[in-house]
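Visitor: Below are the structure tokens for one structure; questions will follow.
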Amino acid sequence: MAQIKVLIGFAEAMSAPEVVWSLADAGFSVHAFARKGRVSALRHSRHVVCHEICAPESDVQASLSELEALLRSLGSEPSEGQPILFPLDDKAVWLCSKLSLGNQWRLAGPSGICAELALRKDMQVEAAREAGFNVPKTVLARTAKDLNALIEAGSYPIILKAAECVPIYQGRVYSCRKWVCGNRAELDCAIDEWKEKVPLLAQSFITGNGEGVFGLAAAEGVRAWSGHHRVRMMNPQGSGSSACASQPVAEEIKVLGQRLIANSGWQGLFMIELLRDEEGHIWFVELNGRPWGSMALCRRLGLEYPAWQVELAIDTSSRAGLGTGGGPSIVCRNAGREFMHMLFVLRGPKSNALNRWPSFWKTLREMLQVHRTDGFYNWRRDDAMVFFADFYYTVYGNLFKSRD
């Protein structure tokens, strides 16, 4: 008998292997759309069939057209029920939000105003402020002059990042870096590099430790609350984690998170990224409306968010995720990012705003301490090539990007 087909993408998303395994273990037939010519750990998995489409970074309209063609092709094949389209990263959320799926496919991801919220950081900041979260001083900047309001408030250091999760420039998805500026000279360099190509979100730069809050929003409220904190970031200047540890979600954070989710009408999985500063205050960073990079940690705790997301998309009355959450505290590590963390620490900071930097020898000592209960991202005994490919591609890709 044909299984229900789930098409995920992009295959290069950090969460992709764990998502595939969650869906495969739940009995779904998993396919993935991948960027043409782009390597990924997922291509080495025996639990998924990969299909190539044009990368939106090359031509966003061609990417959209080829995804539509892929949906028509896969939709004509036998399936136990209506096939599911499941975006794994922001680019895929953007593409899927532009499709007219009709009755042939069902979307397991944000659409309409929720997709707009998932893709616009300025909207997220305002929604978080209304929900009661602490939010850094923020300015939406389309020109260099727009930054003056933040600078005149004496807000150095500041961080600049794209205001849109998927900025489009000249018909392509534009890769916009982040800048941390500790003084006027560093800001001028950032402005010169930015060239006002895409809107920026400028915020006061707050140092601290990253935390994540996860859940599954259903009609009656949020199910399956869980949380983590970063043990290490791949790049101490600011990036995703290379190691993270599970932790319970404080009740006051649940209240704020529930309010944010309810106000937006959100359905399905979500991640709220937070920052705990050195005084213990919690600050809102962003809302992720698709699977997150540390999915391995959740799955090691028995929290099958990807499978639950698809089950809710199929049947909104599903009990997926009910009665789950918590569990013992564990640590999960990404081997490639851990290696890169050592290299970033050895290189040192690239801004005067970063007045604290990890000691290399202390970092090395901590990273060599692997405990019996530690887990690793993307490790599965019957799919081991994924783990080794992920390590290689992570190190190679970051070294290539970091040559400057």
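Visitor: Restricting to region 36-58, what's the tally of residues that are farther than 22 Å from Asn378 by Cβ, surrounded by fewer than 16 Cβ atoms within 10 Å (Cβ to Cβ) and touching a Ser or Thr at 6+ places or on another chain (Cβ under 9 Å)?
Guide: Counting residues in region 36-58 that are farther than 22 Å from Asn378 by Cβ, surrounded by fewer than 16 Cβ atoms within 10 Å (Cβ to Cβ) and touching a Ser or Thr at 6+ places or on another chain (Cβ under 9 Å) gives 2.
Visitor: Which condition number in (1) in a loop (DSSP other than H, G, I, E, B); (2) modelled with pLDDT of 95 or more is the one that Glu77 fails?
Guide: (2)
Visitor: Would it be correct to say that Glu18 is within 17 Å of Gln309 (Cα to Cα), acidic (Asp, Glu) and touching a residue at least 60 places away in the same chain (Cβ under 8 Å)?
Guide: Details: within 17 Å of Gln309 (Cα to Cα): yes; acidic (Asp, Glu): yes; touching a residue at least 60 places away in the same chain (Cβ under 8 Å): yes.
Judged against the criteria, Glu18 is a match.
Visitor: To continue, here is another question. Against the conditions (1) among the basic types (Lys, Arg); (2) within 21 Å of Val166 (Cα to Cα); (3) in contact with an Asp or Glu (Cβ under 9 Å, 6 or more places away or on another chain), where does Lys98 fall short? Just the number, please.
Guide: (3)
Visitor: Follow-up. Among the residues of region 209-245, which ones are surrounded by 17 or more Cβ atoms within 10 Å (Cβ to Cβ) and of a type in the set (S, T, N, Q)?
Guide: Ser226, Asn235, Gln237, Ser239, Ser241, Ser242
Visitor: Mind checking whether some residue in region 246-267 is surrounded by fewer than 18 Cβ atoms within 10 Å (Cβ to Cβ), of a type in the set (S, T, N, Q) and part of a helix (DSSP H, G or I)? I'd like the intermediate steps shown before the answer.
Guide: We begin by selecting, within region 246-267, every residue surrounded by fewer than 18 Cβ atoms within 10 Å (Cβ to Cβ); these are 247-248, 250-252, 254-255, 258-259, 262-263, 265.
From the residues that got through so far, the ones that are of a type in the set (S, T, N, Q) too are 247, 258, 263.
Of the ones still in play, those that are also part of a helix (DSSP H, G or I) are 258, 263.
Yes, some residue in region 246-267 is surrounded by fewer than 18 Cβ atoms within 10 Å (Cβ to Cβ), of a type in the set (S, T, N, Q) and part of a helix (DSSP H, G or I).
Visitor: When the residues of region 227-245 are narrowed to those that are over 15 Å from Asn288 (Cβ atoms) and part of a loop (DSSP other than H, G, I, E, B), which ends up modelled with the lowest pLDDT? Break it down into steps so the answer makes sense when it comes.
Guide: As a first pass, look at region 227-245 and keep what is over 15 Å from Asn288 (Cβ atoms): 229, 231-238, 242-243, 245.
From the residues that got through so far, the ones that are part of a loop (DSSP other than H, G, I, E, B) too are 234-238.
Numbers: Met234: 82, Asn235: 77, Pro236: 73, Gln237: 68, Gly238: 63.
If we take residues in region 227-245 being over 15 Å from Asn288 (Cβ atoms) and part of a loop (DSSP other than H, G, I, E, B), then Gly238 is modelled with the lowest pLDDT.
Visitor: Let me ask you something else. Do we have Trp283 as under 26 Å from Pro157 (Cβ atoms) and surrounded by fewer than 22 Cβ atoms within 10 Å (Cβ to Cβ) here? Steps first, answer last, please.
Guide: Values: under 26 Å from Pro157 (Cβ atoms): yes; surrounded by fewer than 22 Cβ atoms within 10 Å (Cβ to Cβ): yes.
Yes: the conditions hold for Trp283.
Visitor: Using the structure shown, decide if Ser22 is assigned to a helix (DSSP H, G or I), more than 26 Å from Gly336 (Cα to Cα) and at pLDDT 95 or above. If you could, list the steps in order and put the result at the bottom.
Guide: Numbers: assigned to a helix (DSSP H, G or I): yes; more than 26 Å from Gly336 (Cα to Cα): no; at pLDDT 95 or above: yes.
No: the conditions fail for Ser22.
Visitor: Within region 175-226, which strands (runs of 3 or more DSSP E) (wholly inside it) include 1 or more residues that are of a type in the set (Gly, Ala, Ser) and without any contact (Cβ under 8 Å) to a residue 60 or more places away in the chain? Break it down into steps so the answer makes sense when it comes.
Guide: Details: elements: 179-181, 200-204, 208-218.
In region 175-226, 208-218 are the strands (runs of 3 or more DSSP E) which contain 1 or more residues that are of a type in the set (Gly, Ala, Ser) and without any contact (Cβ under 8 Å) to a residue 60 or more places away in the chain.
Visitor: Here is a further query. So, in region 84-108, of the ones that are among the small types (Gly, Ala, Ser) and touching a helix residue (DSSP H, G or I) at 6+ places or on another chain (Cβ under 6 Å), which residue ends up surrounded by the fewest Cβ atoms within 10 Å (Cβ to Cβ)?
Guide: First, the residues of region 84-108 that are among the small types (Gly, Ala, Ser): 92, 97, 100, 102, 108.
Next, from what is left, pick out any that are touching a helix residue (DSSP H, G or I) at 6+ places or on another chain (Cβ under 6 Å): 97, 108.
Numbers: Ser97: 19, Ala108: 25.
This residue is Ser97.
Visitor: Shifting gears a bit: Could you list, in sequence order, the residues of region 130-173 that are at pLDDT 90 or above, surrounded by fewer than 17 Cβ atoms within 10 Å (Cβ to Cβ) and part of a loop (DSSP other than H, G, I, E, B)?
Guide: Correct list: Gly132, Lys137, Arg142, Thr143, Gln170, Gly171.
Visitor: Here is a check on your reading of the model: is Trp308 touching a residue at least 40 places away in the same chain (Cβ under 8 Å) and either surrounded by fewer than 22 Cβ atoms within 10 Å (Cβ to Cβ) or in a loop (DSSP other than H, G, I, E, B) (or both)?
Guide: Working: touching a residue at least 40 places away in the same chain (Cβ under 8 Å): yes; either surrounded by fewer than 22 Cβ atoms within 10 Å (Cβ to Cβ) or in a loop (DSSP other than H, G, I, E, B) (or both): no.
When the stated conditions are applied, Trp308 does not pass them.
Visitor: Separate question: Given the structure, is Met340 touching a residue at least 12 places away in the same chain (Cβ under 8 Å) and farther than 30 Å from Tyr156 by Cβ?
Guide: Numbers: touching a residue at least 12 places away in the same chain (Cβ under 8 Å): yes; farther than 30 Å from Tyr156 by Cβ: no.
No: the conditions fail for Met340.
Visitor: Hey, another quick one. In region 182-203, which residues are at pLDDT 90 or above and surrounded by 15 or more Cβ atoms within 10 Å (Cβ to Cβ)?
Guide: Scanning region 182-203 gives Glu186, Leu187, Ala190, Ile191, Trp194, Val198, Pro199, Leu200, Leu201, Ala202, Gln203.
Visitor: Exactly one of these conditions fails for Arg365: (1) modelled with pLDDT under 80; (2) part of a helix (DSSP H, G or I); (3) basic (Lys, Arg). Give me its number.
Guide: (1)
Visitor: Based on this model, can you work out whether Ile206 counts as surrounded by fewer than 19 Cβ atoms within 10 Å (Cβ to Cβ), within 30 Å of Ser329 (Cβ to Cβ) and hydrophobic (A, V, I, L, M, F, W, C)? Walk me through how you get there before you give the answer.
Guide: Working: surrounded by fewer than 19 Cβ atoms within 10 Å (Cβ to Cβ): yes; within 30 Å of Ser329 (Cβ to Cβ): yes; hydrophobic (A, V, I, L, M, F, W, C): yes.
So Ile206 passes the test.
Visitor: Would you please list the contacts, defined by Cβ atoms under 8 Å and residues six or more apart or on different chains, that run from a residue in region 100-117 that is among the charged types (D, E, K, R) to a residue that is crowded, with 20+ Cβ neighbours inside 10 Å?
Guide: Here the result reads Arg106/Pro83; Arg106/Ile84; Arg106/Leu85; Arg106/Ala313, each pair linking region 100-117 to a residue that is crowded, with 20+ Cβ neighbours inside 10 Å.
The values are calculated or read from the model by the stated rules, or taken from the named source; none is laboratory data. Computed from a prediction, not measured in an experiment: that's the story for all the values here. When we count neighbours, we look across all protein chains shown, and the Cβ atoms used for this are built from the backbone with ideal geometry, even at glycine.
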